[in-house]
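Shown next, in structure tokens, is the structure this report addresses.
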Amino acid sequence: MSFENLQIAREEGLALVTVNRPKSLNALNRATIAELTRAVDELAADPSIRALILTGAGEKAFVAGADIAEMANLTSPEALEFSRAGHRLCDRLEALPIPTLAAVNGFALGGGCELALACDLIVASEKARFGQPEVSLGVIPGFGGNGRLTRAVGVQRARELIYTGDIVDAQSALALGLAVAVVPPEQVLDRCRDIAKRIAQKGPLAIAQAKRVLRTGADLPLDAANALETQAFAALFGSSDQKEGMKAFLEKRPPHFEGR
Ligand code: CO8
């Protein structure tokens with residue numbers, strides 16, 4: 001994998017993807033969105049990768065949004081393409097069967113906040129700042145933020161953030177339920193590694209099904225969400241991992257999951 005605007009490191013079954021445009025606070029231009037999409041697709045095809053951590057280069061920003069310099073002169077049809085490319089990236093990231101964590105080390109604004117929201121969990125540095133400031137630029141979130149922020153924090157809080165464009169600190173993000181933890185800046189990656197490793201010890205098929213049921217079920221009526229859960233629960237009983245997990249419990253030993 002070779003990328004101009006990303007760094008990819010592999011650490012024992014974990015992929016660390018770093019958006020690397022620190023001079024522009026890691027803003028997402030078209031090339032970076034295309035590279036991120038390719039990276040997600042390539043990592044999805046690699047069975048040795050059990051978790052993904054996404055972060056930004058430098059001390060200031062996770063991703064400070066879509067690249068405003070590149071966006072400023074887009075026509076409506078071009079903006080349509082740009083928005084679709086952002087959606088494609090966030091949808092594929094969200095659909096990965098492995099756990100994904102956003103290590104938000106600084107500004108996560110606009111498209112950056114939307115990218116973090118497409119991950120399963122957000123861990124924030126004490127220096128992290130979150131917001132959807134698009135209305136300050138005369139536009140609205142366009143990479144899935146309206147829907148994902150509403151699902152993450154509820155409609156009233158999402159309206160407040162999107163209508164005011166306010167930028168909130170890490171503790172506020174924690175209180176909102178946007179972030180799951182706030183840690184000193186130098187610990188943000190290690191906290192993500194720790195969470196990823198703990199999840200990676202569980203049955204990978206169970207995690208993949210939990211992701212699918214949570215994601216798809218959230219948008220279904222409760223009876224349909226429950227039916228989806230029942231099917232996924234039952235399907236897991238056809239796996240070796242279920243046999244191993246329950247046998248290991250009964251034999252009072254740790255399980256050895258193989259993802260099949
Ligand atoms: N795009 C391009 N360049 C950026 C961006 C950005 N989003 N953010 C920062 N930069 C650049 C600055 O222009 C500056 O460049 P230079 O050194 O060449 O002048 C450099 O990064 C450093 O930034 P600042 O000097 O501004 O740093 P400060 O510490 O003073 O401020 C802020 C940091 C508060 C983060 C400030 O840079 C800022 O407000 N940035 C813009 C944040 C923003 O509005 N983000 C949302 C963008 S819109 C969006 O994401 C929409 C997504 C959906 C689009 C769908 C399209 C159809």
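Read the figures in this text as sums done on the coordinates, not as results from a lab. Just so you know, these numbers come straight off a predicted model, no measurement behind them. So basically every Cβ, Gly included, is an ideal-geometry build from the backbone, and we count neighbours across all protein chains shown.
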For residue 31, put the label point 7 Å out on the Cα→Cβ axis and report which residues of the range 1-20 keep their amide N under 17 Å from it.
2-8, 18-20
Angle in degrees between helix 30-44 and the longest Cα principal axis of the chain, rounded to the nearest 10
0
Both in Å, the radius of gyration and Dmax of the C-alpha trace of the chain are 18.8, 65
Among 164, 80, 206, the residue whose Cα sits farthest towards the positive end of the charge dipole of the chain, when +1 is placed on the Cβ of each Lys and Arg and -1 on the Cβ of each Asp and Glu, is 206
Helix 240-250: angle to the longest alpha-carbon principal axis of the chain, degrees 0 to 90, nearest 10?
60
What list of ³J(HN,Hα) values in whole Hz, one per residue of the range 124-137 in order, does the Karplus curve 6.51 cos²θ - 1.76 cosθ + 1.60 (θ = phi - 60°) give from phi, with Gly and Pro shown as x?
10, 6, 4, 8, 5, 9, 10, x, 10, x, 4, 4, 5, 9
Rounded to the nearest 500, the 222 nm mean residue ellipticity computed for the chain from DSSP H runs (n ≥ 4, each -39500 (n - 2.57)) alone is -14500 deg cm²/dmol
With the crude spin-label approximation of a point 7 Å out along Cα→Cβ, what separation in nm comes out for residue 202 versus residue 253?
2.4
The rounded separation in angstrom of the Cα centers of the range 6-82 and the range 90-163 is 14
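How much length would be gained if the chain were fully extended between residue 243 and residue 91, taking 0.36 nm per residue of separation minus their Cα-Cα distance, in nm to one decimal?
Going from the current span to full extension adds 51.5 nm.
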Can you list residues from other chains, or at least 5 along the same chain, whose modelled amide H is less than 5 Å from the amide H of residue 27?
64
Rounded to the nearest 10 degrees, the helix 204-217 long axis (Cα) sits at an angle to the longest Cα principal axis of the chain of 50
